[in-house]
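Worksheet: the structure to be examined is printed underneath.
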Amino acid sequence: MEITWIRAALTLLVGFGLMMSLAAGMSLVERKLSAFIQERHGPNRVGPFGLLQPMADLIKFVFKEEYVPNSVNPLIYKLAPAIAAVPAMMTFAAIPFGFLDGQPLVIANINIGVLYVLAVGSLGIYGIILGGWSSNNKYSLLGGLRASAQMVSYEISLVLSLVAVIAVSGSLNMSEVVAAQDHHWNVFLQPVACLIFLVTMFAETNRHPFDFAECEPELVGGFHTEYAGMRFALFFLGEYIAMVVMSGLMAALFFGGCDVPFLDIADTPWWLGALAMLGKTAFFLLLFVWVRWTLPRFRYDQLMWLGWRVLLPLSLANLAITGLVLALLGPEGGHA
Amino acid sequence: MYFDYANILVFLLAGMAFVFINMVIGSLIRPSRSTSDGLEPYECGEEVIGEAWFRFDIRYYTVALVYIVFAVEIAFLFPWAKVLTRAFAEEGIGGVALLEGFLFVGILLLGLAYVWVKGDLNWVKAFQLEFEQRKRLQQSLGQLPAKSRTTNTLPEDATS
């Protein structure tokens with residue numbers, strides 16, 4: 001019992017630190033990689049190779065002037081950034097980082113892990129809608145409305161692709177899904193679901209090529225046009241953490257999580273497993289930036305077209321085929 | 001089990017504390033010298049005309065309704081997916097479970113097909129209908145080849 005308490009406290013502490021440093025690091029990596037893709041230098045003034053840039057940003061955000069425009073709804077305006085950031089942080093608690101002494105190395109090993117991440121993660125949209133509406137600015141309003149329709153449309157496909165994964169794994173517990181992927185990752189069993197998840201995770205985090213909520217050329221800053229300083233930073237913290245969580249989901253549910261190729265999960269040392277999980281997460285984080293500077297932005301009706309008429313039927317068909325294959329394989333179906 | 005939910009609660013509190021502390025520290029040390037011009041809404045430097053809180057055509061009202069139907073459906077599909085493998089392997093009722101799932105999703109698919117055919121999935125329904133009508137008219141007048149492929153895009157003049 002004693003050890004459990006210490007371990008839980010340590011996991012909490014390390015988990016929170018890891019989440020924050022991943023999000024902060026991502027803000028630097030995004031600019032560095034963008035610069036690399038565009039043959040620029042990127043931030044390189046603060047610290048060696050600009051490594052202390054996130055620190056400098058934090059200090060700058062804290063010292064920025066308090067800014068509440070006259071026309072806003074003050075309560076909702078001030079609350080919205082917190083609503084955007086906190087649910088994103090909460091979802092990180094269910095991302096598994098491997099196994100230590102046979103126990104899952106995760107902040108909260110709950111048996112409805114996947115459902116929890118999806119349910120709490122979708123709360124973050126309220127921050128964007130409320131922020132956009134309460135700003136009393138036409139651009140913000142448009143950004144918020146776009147975000148609501150977009151995230152609603154893509155959420156169905158996102159969840160349906162995960163339902164197929166759950167049908168194969170037979171569990172909603174993330175650590176059990178990871179354990180079931182020993183030697184055969186879900187990406188090989190569910191390639192279509194993986195593809196759907198890949199597309200929808202960009203839409204759900206409001207990232208390029210689906211970043212209509214902020215869409216600079218059309219909407220100035222979209223839902224955060226009226227935000228500055230720390231509140232603005234909280235919106236971005238929420239977005240970056242959501243990206244980390246989505247990459248973590250991708251790594252854990254489709255790419256074996258802590259599973260190192262050619263090694264049994266049980267034989268893998270815990271640090272190697274955690275490193276593998278971190279590496280896979282990092283890859284998908286880099287993919288976010290890579291895609292941002294590679295693909296042009298969609299048009300809004302094209303986005304809706306893709307979500308409702310391509311991804312939704314595709315994910316339903318994938319689920320049906322998964323069910324049929326499970327039926328054909330009979331008792332040996334899934335990972336059994 | 002409940003221990004893990006307590007962990008989530010602690011994590012939530014830590015997150016809220018992080019947000020709160022940052023805001024408080026900021027409010028203590030940041031300057032506050034906003035001018036009246038600075039507190040105007042920013043709309044690209046143009047003088048602001050009217051409020052942004054007016055009646056606005058959300059357009060996606062129908063789709064929001066469809067979303068709710070599907071969201072509820074998915075809530076029922078989660079337990080179904082979880083026990084599906086076991087239903088095949090142990091209980092021997094896999095076929096029934098699968099058929100039931102198909103039936104359930106199939107009924108909702110009919111709804112999706114209805115919305116699709118009715119044109120509610122079009123971003124600009126009115127323009128799209130007008131566009132198709134005009135196209136049909138042009139086809140009947142022989143200005144367009146009869147078998148031209150309908151595109152999902154709007155004509156240039158419809159959007160402007």
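Cα-based values for the range B:24-144, radius of gyration first and Dmax second, are 26.6, 74 Å. In this Cβ point-charge picture (+1 for Lys and Arg, -1 for Asp and Glu), the range B:61-121 has a dipole of about 100 debye about its Cα centre. Mean per-residue shielding of peptide B:18-25 is 5, counting Cβ atoms of other chains within 10 Å of each Cβ. Remark on the range A:218-287: ratio of C-alpha radius of gyration to 2.2 N^0.38 Å is 1.54.
The peptide list A:24-30, A:239-245, A:289-295, put in order of mean Cβ contacts within 10 Å with the highest first, becomes A:239-245, A:24-30, A:289-295. Measuring r between the beta carbons of residue B:6 and residue B:133 and using R0 = 51 Å, the FRET efficiency lands at 0.25.
Summing Cβ point charges (Lys, Arg +1; Asp, Glu -1) relative to the Cα centre of the range A:1-104 gives a dipole of roughly 280 debye.
Across the cross-link table entries A:78/A:138; A:32/A:78; A:64/A:280, which are compared at the Cα atoms, the separations over 29 Å belong to A:32/A:78; A:64/A:280.
Once Lys and Arg get +1 and Asp and Glu get -1 on their Cβ, which of A:327, A:71, A:246 lies farthest toward the positive end of the dipole of the protein assembly as shown? Farthest towards the positive pole: A:71. Using Cα pairs under 8 angstrom and six or more residues apart, how large is the relative contact order of the range A:2-332, in percent? Computed over the range A:2-332, the figure is 23 percent. Normalised by 2.2 N^0.38 Å, where N counts its residues, the alpha-carbon radius of gyration of the range B:61-121 equals 1.37.
Pairs of alpha carbons in the range A:139-261 separated by more than 23 Å make up 39% of all such pairs.
For the range A:310-318, the Karplus equation 6.51 cos²θ - 1.76 cosθ + 1.60, evaluated at θ = phi - 60°, returns couplings of 10, 5, 5, x, 5, 5, 5, 4, 4 Hz by residue, with Gly and Pro reported as x. For the protein assembly as shown, the mean residue ellipticity at 222 nm estimated from helices alone is -21500 deg cm²/dmol, where every DSSP H run of n ≥ 4 contributes -39500 (n - 2.57) and the total is divided by all residues, rounded to the nearest 500.
Once the convex hull of all Cα atoms in the range A:138-190 is built, its volume per residue stands at 94 Å³. Neighbours of residue A:268, meaning other residues whose beta-carbon lies under 10 angstrom from its beta-carbon, give a summed charge of -4 when Lys and Arg score +1 and Asp and Glu score -1. Taking amide H positions as modeled 1.01 Å from N, with prolines and chain starts lacking one, the residues under 5 Å from residue A:99 and 5 or more places away or on another chain are A:105. About its Cα centre, chain A has a charge dipole of approximately 880 debye under the convention of +1 per Lys or Arg Cβ and -1 per Asp or Glu Cβ, with nothing else charged. Summing charges over all other residues whose Cβ lies under 12 Å from the Cβ of residue B:19, with Lys and Arg as +1 and Asp and Glu as -1, gives +2. On the basis of the beta-carbon distance and an R0 of 22 Å, residue A:65 and residue B:48 show a calculated FRET efficiency of 0.60. Within 10 Å of the Cβ of each residue in A:164-172, the mean number of Cβ atoms contributed by other protein chains is 5. Ranking A:203, A:157, A:120 by how far each Cα lies toward the positive end of the dipole of the protein assembly as shown (charges on Cβ) leaves A:203 at the top. Phi angles of the range B:98-107 translate, via the Karplus equation with coefficients 6.51, -1.76, 1.60 and θ = phi - 60°, into HN-Hα couplings of 5, 4, 4, x, 4, 4, 4, 5, x, 4 Hz per residue; Gly and Pro are given as x. Measuring how big the protein assembly as shown is from its alpha-carbon positions, Rg and Dmax come out at 24.3, 85 Å.
With semi-axes defined as the square roots of five times the eigenvalues of the C-alpha gyration tensor, the equivalent ellipsoid of the range A:98-188 measures 35, 15, 9 Å, largest first. In this entry, the range A:121-161 is assigned a mean projected area of 2.6 nm², taken as a quarter of its C-alpha convex hull surface. Since only B:50, B:142, A:314 are under comparison, the one whose Cα sits farthest along the positive direction of the charge dipole of the protein assembly as shown, derived from C-beta charges on Lys, Arg, Asp and Glu, is B:142.
Close amide H partners of residue A:185, meaning residues 5 or more places away or on another chain with modelled amide H under 5 Å apart, do not exist here. Per residue of A:323-329, other chain Cβ atoms within 10 Å of the residue Cβ number 5 on average.
Coordinate-derived values only; no laboratory data. Small disclaimer: the values here were computed from a predicted structure and weren't measured. Every residue, glycine among them, receives a Cβ derived from its backbone with ideal geometry; neighbour counts consider all protein chains shown.
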